[in-house]
Amino acid sequence: MQTDAKPLYFMIKNFIEANRLSWSRWEIMASMDAATLRGSYLPLAPQDMTLNQIPTAQDQPIDKETLSLVPELIEDNTVAIKRATGASRAAAYSQAASVYLKTLSLSKQELLEYTLNTSDIYSTGICGETANKLNLIAKGSKIADVSLEGLINALGRTDLPRIYAVVHIAPSHRFHVEKVVDKIFLLQSWVGRFSLASWVNKGKIEWDLYEFLEALQVALPAKRGADINKYYSLLFNLKGAALTPSAHTSDQVSCAMYQSADEKTVRDNIEATYHSDVSKWN
């Protein structure tokens with residue numbers, strides 16, 4: 001077993017750099033479709049208010065005739081919100097709805113460029129989509145479904161030097177963790193917190209094996225407590241975020257374990273999925 005085997009993170013990084021991409025572009029293309037990205041802009045109505053329904057995001061742009069009817073619906077909704085909750089909430093809704101209307105009219109390529117260059121939507125990812133796409137690229141052979149204890153035991157086994165897991169913390173989060181001999185590589189996004197691109201810049205990706213095993217046990221305890229938890233923050237927040245108590249417990253964790261594929265297979269999958277994504281966004 002070679003100790004210098006490349007983890008998925010470095011293989012993706014090398015591909016991105018070789019093709020002069022950005023992590024943000026790669027992440028959006030890899031983890032979202034156009035309908036999901038358009039839907040990310042949908043403005044939320046104030047709680048307990050029923051408003052005019054504006055068009056649902058689609059993969060393709062909405063036709064001009066339908067779009068022409070939307071500004072009046074937005075205006076009526078804005079007036080209703082102003083009466084119910086005040087001018088500030090109404091103005092925020094109106095602005096967000098106008099942006100959403102714009103995204104409904106853009107082609108896929110225009111939508112991608114607008115998101116990357118103008119909006120801040122790409123600053124937070126969709127954790128499940130990210131983890132699922134990383135698993136698709138890694139293309140390992142499934143070993144077993146396990147609990148948090150099973151994950152810790154598997155990662156600690158010396159006879160399993162190259163494995164990875166897709167870990168689900170119900171109902172909030174999903175992430176990808178890979179073991180390469182005595183190192184762990186953690187890749188993830190988290191809705192409302194950070195994108196994969198943000199995590200790559202300001203998250204703790206690389207861990208020594210036994211520190212990671214300790215971090216899992218401390219950050220995901222059997223019972224929730226009020227103590228500040230440095231490992232919870234290191235695992236699930238960007239550097240500089242405020243330390244908080246653990247928000248989840250070990251019984252919320254389920255994991256799918258995989259034997260890692262060989263590096264050539266992974267490299268081929270990275271390239272193939274990227275070209276598939278390019279086609280999807282054209």
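None of the figures in this text is laboratory data; all of them are computed from the coordinates on show. If you're wondering where the values come from, they're calculated on a predicted model, not measured in any experiment. Backbone-built Cβ (ideal geometry, glycine too); neighbour counts: all protein chains shown.
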(Q) Looking at D59, D76, can you tell me which residue is exposed (fewer than 15 other Cβ atoms within 10 Å of the Cβ) and within 20 Å of the chain's Cα centre (by Cα)? (A) D59
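Yes/no matrix, rows are residues, columns are (1) acidic (D, E); (2) more than 19 Å from N237 (Cα to Cα); (3) assigned to a loop (DSSP other than H, G, I, E, B):
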{"site": "L151", "(1), (2), (3)": "no, yes, no"}
{"site": "A154", "(1), (2), (3)": "no, yes, no"}
{"site": "D159", "(1), (2), (3)": "yes, yes, yes"}
{"site": "Y164", "(1), (2), (3)": "no, yes, no"}
{"site": "H168", "(1), (2), (3)": "no, no, no"}
{"site": "F175", "(1), (2), (3)": "no, no, no"}
(Q) Anything in segment 247-282 that is over 24 Å from I163 (Cα atoms), out of contact with any Lys or Arg (no Cβ under 6 Å at 6 or more places or on another chain) and surrounded by 14 or more Cβ atoms within 10 Å (Cβ to Cβ)? List them, or say none. (A) A247, H248, D277, K280
Q) Looking at segment 1-37, which of its residues are in a helix (DSSP H, G or I), over 15 Å from I137 (Cβ atoms), more than 16 Å from the chain's Cα centre (by Cα) and not small (G, A, S)? A) E17
Q: For segment 157-169, state whether one or more residues are touching a residue at least 12 places away in the same chain (Cβ under 8 Å), buried (at least 22 other Cβ atoms within 10 Å of the Cβ) and over 20 Å from the mean Cα position of the chain (by Cα).
A: no
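So, L116, is that one part of a loop (DSSP other than H, G, I, E, B), hydrophobic (A, V, I, L, M, F, W, C) and touching a residue at least 24 places away in the same chain (Cβ under 8 Å) or not?
Spelling it out, it is not the case that L116 is part of a loop (DSSP other than H, G, I, E, B), hydrophobic (A, V, I, L, M, F, W, C) and touching a residue at least 24 places away in the same chain (Cβ under 8 Å).
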Q) From the set of residues in segment 31-52 that are closer than 16 Å to F194 by Cα and small (G, A, S), which is surrounded by the fewest Cβ atoms within 10 Å (Cβ to Cβ)? A) S40
Q: Evaluate the following for A18: is it farther than 30 Å from I184 by Cα, aliphatic (A, V, I, L, M) and surrounded by fewer than 13 Cβ atoms within 10 Å (Cβ to Cβ)?
A: no
